[in-house]
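Quick notes on the structure that follows.
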Amino acid sequence: MVTGRLNLSVRATQSFLRGVLVTGGLALAGLALAALPLPLAAGLVLGTMTLVIVLAQPVGGLILLLVAVPFGSPFNIQIGGDSAGQGFNFGPTEILFALTMAGWLGRMVIARSTTRGEERRWPPITVGGWPALVWPLAAFLFVLALTLTVTRSLPSSLKELLKWSEVLLVMLFTAKALPRKHVPLLFIVLFAVAAAESAVGLYQTITRNGPPPFFVPLGGQLIMRAYGTFEQPNPFAAYLNLTLPVSLSLLFFALSERLKAPSRTIRLLYLAAALALPIIGAAFFLSLSRGAWLGFAAGFVVLIILRSRRALLVFAALAAVLAGLAALGSLNILPSVISERITDLPAFFGLNLFDPRAVVLTQENFAVVDRMAHWFAAWGMFSDSPWLGVGIGNYPVAYAQYGLRDWPMSLGHAHNYYLNLLAESGIAGLSFYLLMIGSALVVAWRAARRTVGFERGLALGILGALVAMSTHNFFDNLYVHGVNFQFGMLLGVLSQLGSRK
């Protein structure tokens, strides 16, 4: 009896001492923060909270990562660099990615099992026990690693290899660690973040806040192209293009179900898609990115065709309307900002190839000639190194040798991801990239066939987003500003959507 009382007293004393230590530690931490400058103190508090959240629940890191993709860029710093100025960007997205992976691996080590908690079994869309998309993505990454044997700048190549390794790991994490019931919540956050980023772009257009090159003539006035936090209108539009088809697809399914849904979470998902769609759509249009417009049109066509026969008829009617708008553009009835960007599409997309060295440069043809000059440089790199290219990430490094006389400065890429990849990794790299993208489209199509309701809406929306990105990549390089993280997340969700419940 006495022993029991003594044990109880010891435990009470231990609890009291722990409380004193915790209280004292918090008090000391508060005093230390009070002595620091406010920005630094706030950063430490937010950083500590983020660290606790991500390590306690790695899925929270994925959600924060989606927020950091558009809003983390202003806080990036560059580490290192070579003769071409190519260094490693380090910022919130990289920090959150590292913490999320560390938290995930730590939980797996502690659990020593992949079937407990959020560590679910692999989805049935698998090959050899792994998600099917792992293999083409890993093969593409392996081929890119082979270009290290011919690279001209090792830091530039390692930077690109790290980017695609991040895509692979985010895809695996989303496929394996994200509970299926949390997929709708993930997209609710995605729509909210994209709408907030769109609001930034709309504010720039309304207040005419931006650099002079982003102004486009409209009815005798100048309109500011929306560019958000992405520094350029084209990557801004590309980022929105990864969300716009998904929100549109979900809205289609919400209307077809007469706004009824099996759960409150799904109803909230439909509401988020409906509220975000007009904001994202307006900012996307005001980016005035012709490549993004064409990409969305391609994704929309695929989405509509696979949706239903009735939807196909609706698309045919819309196509007739668009054809009429194109005719109005040729008759100079539409506003100049739209008609001009429609009528010069053939030249912009390189459908009338020409030698940029034989063109008299003017303000009107600058964008087209600039694009063609960078295409010529990429083709020169490929012609000299057709199998493995000049090394992944080395287009700006090799540009000094292949750039045209009147275009001595490289913009960092070839204005065409496929040509850029051909120049940097040759036939091998481009072939395995096309295999990877083709596999993703097939998995999305299969997921759409296996699912019903909102999950089918998600699968078709992601398929439309992948088509939009693949089309836009003919005129730009879209794997920038952390978009690769969101791309990997979409691939991971695709791996889950076809799984059995």
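The values are calculated or read from the model by the stated rules, or taken from the named source; none is laboratory data. All of these numbers come straight from a predicted model, not from anything done at the bench. Cβ atoms come from the backbone with ideal geometry, glycine included; neighbour counts cover every protein chain shown. Calculation scope for accessible area: heavy atoms of the full protein, side chains included, ligands and nucleic acids excluded. Shrake-Rupley method; radii C 1.70, N 1.55, O 1.52, S 1.80 Å.
Observations on the model:
- Between M409 and K181, the modelled label-to-label distance comes to 5.5 nm, taking each label 7 Å out from Cα in the direction of the beta carbon.
- Area of H413 that stays accessible when all protein chains are in place (1.4 Å probe, Å², to 10): 30
- The listed residues V67, V54, V442, V452, once ranked by accessible area (1.4 Å probe) with the largest placed first, stand as V452, V442, V67, V54.
- Computed with every protein chain present, the accessible area of I53 is close to 80 Å² [probe 1.4 Å].
- Our note on the geometry: Cα centres of the stretch 429-481 and the stretch 280-307, 14 Å apart.
- Potential lengthening between A102 and A139 on full extension [0.36 nm per residue; Cα-Cα distance subtracted]: 10.9 nm
- The apolar share of the surface of the stretch 128-207, taken as the fraction of accessible area on carbon and sulfur atoms (1.4 Å probe, ligands and nucleic acids excluded), comes to 77 percent.
- Per residue solvent-accessible surface (Å²) - the stretch 383-465, probe of 1.4 Å: 38
- For the stretch 433-489: rounded, prolate or oblate by the Cα gyration tensor [a/c cutoff 1.5]: prolate
- Per-residue HN-Hα couplings for the stretch 189-196 [Karplus 6.51, -1.76, 1.60; θ = phi - 60°; Hz; x = Gly/Pro]: 5, 4, 5, 5, 5, 5, 5, 5
- Between R449 and L255, the contour length at 0.36 nm per residue exceeds the alpha carbon distance by 67.9 nm.
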